[in-house]
Structures are given as structure tokens and as C-alpha cells.
Amino acid sequence: MENSPTALVIGAGPAGLMAAEALAAAGHAVTIAEAKPSPARKFLMAGKSGLNLTKAEDMDAFLAAYGADAEWLHPVLGSFGPNEVQAWAQDLGQPLFTGSTGRVFPKAMKASPLLRAWLSRLNEMSVRIERRWRWQGWEGDAVLIDTPEGARQLAPRVTVLACGGASWARLGSDGAWAAPLLDQVTPFQPANMGFAIEWSPHMQRHLGAPVKGIALSAGNQTSRGEIVLSRDGIEGGGIYEVSRAMRGGAPLTVDLMPDLTVEDLRKRLTRPRGKESMANHLRKALKWTPEKQALLMEFARPLPADVAHLIKALPITHHGPLPIDQAISTAGGLRIDALDGALMLKSRPGTFAAGEMLDWEAPTGGYLISASLATGLHAGRSAAAWLAR
């Protein structure tokens, strides 16, 4: 207990690092306890396909992506929204660019340069990162930490929990932190996830291929993103955008030709086809990809004489979400009603929480990282204000 830091942050992902930076900027000694051998592993994985930091759009549209969570997130994101995220990254020496859909990326298209610059800044601020330190809950007022040298009890003046969600356990987000807080946690569910499909043999040669130029609908959610036909089912940005409605039971339909009307399709398909098979006739008349044709044959055989309506609204039969550990993110976590406006636990004054461990949900497209950074900053500033009292 004698070597306790003033401020202890549990977790070295984006939310934890941001909380640590806010506390250190306020002049406090900060120690980060990270369960893994290196920090921000999931953040680095997210950057492998291009680190989508935020979305360049007005605040009303930005908040709308968070659905029912927008109300409590509004003041948090209002202080650190898309413009502030971009300024923060540029201040770390990372040039950015904005894609045609408004998504903002580092020009390096990966997370490692930004993370190196960030860790260097934190080191200059004397923030300590203790690796392989796993939080085990509390004993009275003491924070219990399992370390390679044995169990430790710390008595920081403030603690910020930034323990992550419950997907990609090998990267650190295993949800094990929920045990000491179980009565305050909504059960985890996968979010931004794929859905399981048992493909017939004729689909095997198409697995791994993207399907572009489609529109997806489930309940009141729609998407114009692409999907990938994987060994386990369907994945990719297009399905993630409608996954929340699908998780709630809404059926999925795919419009294979969203830029044509049913009547446009009928005109093209009523042209004489002679002795051609229907499959060849469709391919030539619509000039579409083999993957679109394969999807139609997978879910609509035997094809009716008037196939146009199925091309516009093909029902996709699936077997539910893929396992939670394969999900991009998770829903559920520490309930918002367990926290006050400063993101402090009502049951444990001086302990704050941030990031994906909170019970909120957002689509991919920059919203996940933005809110993780914003809640981390909010919790860190709140913890610094608590210390100032």
C-alpha cells in the first residue's frame, strides 16, 4: 500500500491512455495497469486495415449514430467530437485525410505511428505503464492487482477503469473485469458482428469474395456498404450497419441492384433469351458479379418466372450472430445509471469508468474510437477535478 500512485488507470487502450493524459496534464502522478504485455493491442489491430479515427460530419448527424445513447453522450462528445479528435491526432504529428464518405484516417493508414507518438508524450509526462498487471477488484478501499511479482494492494486517491469490452479476448478485451461489478453490468452482446450461414457446396468457390454495389435492410436500419462471404457466414461493414436490428430479430433483405427499380429489372429480363439458361440470362442482362448471382441462387431457388422482386429484396436466412469474440465491439457493460455525470461510480466515490466497458453501442465508421477517446478524456478530467477538491 505504501507505493500507491495518486491516480491509477486500469487498461491501456484508447480510453485509458486518454484518461491518463488528462490526469497527467493536471499535474498528477499516474500509473496505468495493463493486463497484457503491451498497450493498446485492439487499437493496433483496428489500424491494420486503416485506422478510422472519427467521422467528419456535423454534431447532430454524429450523435444520431449512437441512437438512444446520444442523450448521455452529448456533453461528452460535445467537448471532444470529430474536430477535436482530428486536432488531437495532428498535434501528435499525424497527418490525416478524409475519405469520400467522411471517414477520417491517418495518412499512414495504420495505428502504430500514432500510438508511438502518444506513448512518447505520456512518457514525457511521467506516466508509468505497468505491464501484466491485472485488476482483480477491491478489498475494502484497496485496489487489488495481480502482477508477475505477486498480488498487490494499492490505495490510489482516484481510479479510472478503462477495461474494454468483451470481444477479441486475446487482445485484452475479455470482459473478465465485470465480476467485481456484476450487479451493475448489463450482459454483453456482440455488436458490429457477422452472422452465421451454412453455405451449400456451390458457394465454396465464392467464399472470401466481397459483394459490392448492394443495399441491406433490417428493421429500420439500412446500409449501402459491402459484405464479405466468409467461411462462417457474412461479415463486413455493410452487415455491421444493420447488425443491431438483426440482433433484435429483424429479418435481413439484400437489394442486389439498388440503382435499378423493379420495372427496370423486368424490362431487362423480358428480353428474349432463346435457349440460354436463366443463370446465363441473368448474368448477361444484368452484367453483375458471380457473387451476386451465387447469392440469388443460394437463397431464391427455384427461381420464379418473375425474379425481379427477389433481386430487389432477397431474404437472407442465417443462424444468428457469430460468436461474441469475433465481434468488432460489444453492447452491454457497466450500466450508465450506475454512474453520475462525471462518469464516477455512484457506489464507489473516486472511481471513474470510460470506454467500451460502458453500456453504449455505435456503428463502425469512426464512432467507436471517437467515443472511447471522449469518455476517457471526460473520466480523466473528472478524476482530476475530484482530486482538486
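General observations
- Number of residues in segment 259-279 that are modelled with pLDDT under 85 and either assigned to a helix (DSSP H, G or I) or of a type in the set (Asp, Glu) (or both): the value is 3.
- Members of segment 54-93 found to be more than 30 Å from SER120 (Cβ to Cβ) and of a type in the set (Phe, Trp, Tyr), listed by number: TYR66, TRP72
- Whenever a residue of segment 333-353 is in the same structural domain as THR375 (by TED's automatic domain parsing), its partners that are of a type in the set (Lys, Arg) and surrounded by 14 or more Cβ atoms within 10 Å (Cβ to Cβ), lying with C-beta atoms within less than 7 angstrom and at least six residues away or across chains, give the pairs GLY350/ARG157.
- Within segment 198-230, being crowded, with 18+ Cβ neighbours inside 10 Å, under 22 Å from the mean Cα position of the chain (by Cα) and assigned to a loop (DSSP other than H, G, I, E, B) holds for GLY225, SER230.
- Residue within segment 90-108 that is under 17 Å from ALA22 (Cβ atoms), assigned by TED's automatic domain parsing to the domain that holds PRO39 and in contact (Cβ under 8 Å) with a residue 12 or more places away in the chain present: yes
- Residues of segment 47-67 classified as among the aliphatic types (A, V, I, L, M), in contact (Cβ under 8 Å) with a residue 24 or more places away in the chain and surrounded by fewer than 23 Cβ atoms within 10 Å (Cβ to Cβ), total: 2
- The sole residue among LYS312, LYS292, LYS287 that is touching a helix residue (DSSP H, G or I) at 6+ places or on another chain (Cβ under 6 Å) and outside the structural domain of TRP177 (by TED's automatic domain parsing) is LYS312.
- Across segment 50-71, not a single residue is classified as within 20 Å of the chain's Cα centre (by Cα), within 24 Å of TRP138 (Cα to Cα) and of a type in the set (Gly, Ala, Ser).
- Residue-level check: of (1) out of contact with any helix residue (DSSP H, G or I) (no Cβ under 9 Å at 6 or more places or on another chain); (2) not assigned by TED's automatic domain parsing to the domain that holds MET257, GLN204 misses just (2).
- Of all residues in segment 142-159, those satisfying the criterion of being outside any strand (DSSP E or B) and either in contact with a Lys or Arg (Cβ under 9 Å, 6 or more places away or on another chain) or not acidic (Asp, Glu) (or both) are PRO148, ALA155, PRO156, ARG157.
- Residue-level check: of (1) at pLDDT below 95; (2) under 29 Å from LEU368 (Cα atoms); (3) of a type in the set (Val, Ile, Thr), VAL307 misses just (2).
To keep it simple, each residue is scored yes or no on (1) of a type in the set (A, V, I, L, M, F, W, C); (2) touching a helix residue (DSSP H, G or I) at 6+ places or on another chain (Cβ under 6 Å); (3) under 30 Å from ALA191 (Cα atoms).
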{"position": "GLY140", "(1), (2), (3)": "no, no, no"}
{"position": "ALA162", "(1), (2), (3)": "yes, yes, yes"}
{"position": "LEU171", "(1), (2), (3)": "yes, yes, yes"}
{"position": "ALA176", "(1), (2), (3)": "yes, no, yes"}
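- Residue that is modelled with the lowest pLDDT, among those in segment 280-304 that are within 16 Å of LEU260 (Cα to Cα) and surrounded by fewer than 16 Cβ atoms within 10 Å (Cβ to Cβ): LYS284
- Residue in segment 338-346 that is assigned to a helix (DSSP H, G or I) and either modelled with pLDDT of 95 or more or under 30 Å from ALA20 (Cβ atoms) (or both) present: yes
- With respect to being crowded, with 19+ Cβ neighbours inside 10 Å, farther than 30 Å from THR351 by Cα and at pLDDT below 95, GLY233 falls outside the description.
The values are calculated or read from the model by the stated rules, or taken from the named source; none is laboratory data. No experiment lies behind these values; they were computed from the predicted model shown. Neighbour counts run over all protein chains shown; Cβ positions are idealised from the backbone, glycine included.
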